[in-house]
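This structure is in structure tokens; I'll ask about it shortly.
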């Protein structure tokens, strides 16, 4: 499951994997071009997770998905939530 959490013009992209299986190359649509920053991965070892981490920065591609003109592909850890910050404007 993925969604965008908005506050005015600011937003975060939240991606959740409720299964015990890691998802490689998990693609979601995003509203902007540029590099998204990983702000949080609940699978980080300091939280007791497996430590399987998505990249710290994930570049958006001009590949339409989920109704957006661009998308990102990421490693989604098992039983985890990943929060991504948008590209800097």
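A short reminder: the numbers here are calculations on the coordinates, not readings from a lab. Worth saying up front: this structure is predicted, and the values here are computed from it rather than measured. Reconstructed Cβ throughout: ideal geometry from the backbone, glycine too, with neighbour counts over all protein chains shown.
Go through the residues of the range 14-21 one by one and say whether even a single one is surrounded by 15 or more Cβ atoms within 10 Å (Cβ to Cβ), touching a residue at least 60 places away in the same chain (Cβ under 8 Å) and on the phi > 0 side of the Ramachandran plot.
Checked against the condition, which is being surrounded by 15 or more Cβ atoms within 10 Å (Cβ to Cβ), touching a residue at least 60 places away in the same chain (Cβ under 8 Å) and on the phi > 0 side of the Ramachandran plot, the range 14-21 yields no hits at all.
A further question follows. Quick check on residue 33: is it surrounded by fewer than 16 Cβ atoms within 10 Å (Cβ to Cβ) and outside any strand (DSSP E or B)? If you could, list the steps in order and put the result at the bottom.
Numbers: surrounded by fewer than 16 Cβ atoms within 10 Å (Cβ to Cβ): yes; outside any strand (DSSP E or B): yes.
Judged against the criteria, residue 33 is a match.
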